[in-house]
1. Got a sec? Which of Ser190, Ser173 is touching a helix residue (DSSP H, G or I) at 6+ places or on another chain (Cβ under 8 Å), touching a residue at least 12 places away in the same chain (Cβ under 8 Å) and not charged (D, E, K, R)?
2. Taking only pairs six or more apart or across chains, which ones have beta-carbon atoms under 7 Å, a first residue in the stretch 273-295 that is at positive phi, and a second residue that is of a type in the set (Gly, Ala, Ser)?
3. I'm checking my understanding of the structure. Among residues of the stretch 28-48 that are acidic (Asp, Glu) and not in a helix (DSSP H, G or I), which one is surrounded by the fewest Cβ atoms within 10 Å (Cβ to Cβ)?
4. Would you say Asn126 is assigned to a strand (DSSP E or B), polar (S, T, N, Q) and crowded, with 18+ Cβ neighbours inside 10 Å?
5. Could you look through the stretch 276-313, keep only residues that are assigned to a loop (DSSP other than H, G, I, E, B) and within 19 Å of the chain's Cα centre (by Cα), and pick out the one that is farthest from Arg342 (Cα to Cα)?
6. Select from the stretch 90-123 the residues that are more than 17 Å from Val187 (Cβ to Cβ) and of a type in the set (Lys, Arg) and write down the one among them that is surrounded by the most Cβ atoms within 10 Å (Cβ to Cβ).
7. Between a first residue in the stretch 358-371 that is closer than 18 Å to Lys345 by Cα and a second residue that is among the basic types (Lys, Arg) and surrounded by 18 or more Cβ atoms within 10 Å (Cβ to Cβ), which pairs have beta carbons less than 8 Å apart while being 6 or more apart in sequence or on different chains?
8. Evaluate the stretch 77-94: report whether one residue or more is among the charged types (D, E, K, R), out of contact with any His (no Cβ under 6 Å at 6 or more places or on another chain) and part of a loop (DSSP other than H, G, I, E, B).
Amino acid sequence: MDFFARIRILSLISVISIQLISNVHSNPNTFNVQDYGAVGDQRTDDSWAFLKAWNATCSATTGTATMIIPKGKTFLVYPITFWGPCKSTTVYVTLSGTVKAPEDPSAWKDNDVDKWLGFQGINGLNINGYGQLDGSGQKWWDQSCKLNPGKRGCTTVAPTVLGFRECKNVNMSHIFVISSPQTHILVIGSENVNLGALIIRSPGTSPNTDGIHISNSNNVLVHGSIIESGDDCVSIGDHSTNINVYYCDCGPGHGVSIGSLGRSGNEVHVENITVKHVHFKQTSNGGRIKTWQVGRGQVRNVEFSYLNFKDVQNPIIIDQYYCDRPNACQGTKTGVKISDVRYIKAFGTSTTPVAINLNCSNNVPCTGITFEDVQLESASSKDQVTSSCNNAFGYTKGIIKPNSCLK
């Protein structure tokens, strides 16, 4: 059993222990969706039953309250938002069955097209239970503009499976999230969010299917999870602080990314980011920071440490010239200031010749970049890898392979 497998098991045991303790102290305020009319036959629309069960749970005034989605059933649920605040200080959602989204994109005709299931304005939310959220993403992927550029009627926006908006003190564990039309889990405008022991899975070819996207949030922990997607495993957006990603497997996907930041000249502030003990397998990037040329603001105090790369295209990359749309990068070239970024104990193989690529802004150089014990080699025994730097300043410690290009 390899190092990451052992760590993952320890992480899962820890979360399971916490859950068992929580269950011992559970109270009788339980609200089963079937008691409110949910059928769970994959055909009947159970949305209204879910909403009624949630309203009862959220309105409970004594002790903790629990909404139950039972095992052995598949519930068809249309786009819905579970609103807070709730009267109880702690609310549980025990998801043991499967909740499935409609397969036809036309189900979103009269709803916000970027949402499926959402929790908003809730303090003290706990979701667990070894159940599954199935986003039924295939038809969305088939009509995506990313896969069908220029095609009339293609879509650029698709639903997120699960969104936490303006929530505080959220814990989610032991849930499968699969086949999202777009981002799997969104954390926006939220605080103190703990996401652990999750399995997030969509094909590597599925467009824009980030595993977890975090934006405008503070104190978010992602740990002990397996993330397979068609975009970033974890992406960290503007105005996010104190974000930690620990003990995760990433791949396929685009790696763990800070950004993209500063689109349309926005001012950004991202700091105190730690990505630690992450295993990247056959991803297009490893640890990445990406900003738009027209952006402003700063990214600082970032650590990528104890990383393992297996057949990764760009294991270590800073791209301050990110631009994913034609003619979208016009305007004054200002630049986001990137400083105090540390790469510590990173090992593995690159499938491209440039294993370390720091393409920093000509206007705002990267400063305080640190490499400590970084050893990367080619995935092919016949090739060598190199480093490439543009306006990147810092220092090294220990063994660095390929040789550092920092100024």
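Read the figures in this text as sums done on the coordinates, not as results from a lab. Quick caveat, the model's predicted, so the values are computed rather than measured. Cβ coordinates were reconstructed from backbone atoms using ideal geometry, including for glycine residues, and neighbour counts include every protein chain displayed.
1. Criteria check complete, one pass: Ser173.
2. Within 7 Å, the pairs are Gln282/Gly251.
3. The qualifying residue surrounded by the fewest Cβ atoms within 10 Å (Cβ to Cβ) is Asp41.
4. So Asn126 fits the description; yes.
5. Gln282
6. It comes out as Lys100.
7. Matching pairs, first to second residue: none at all.
8. Yes: one or more hits.
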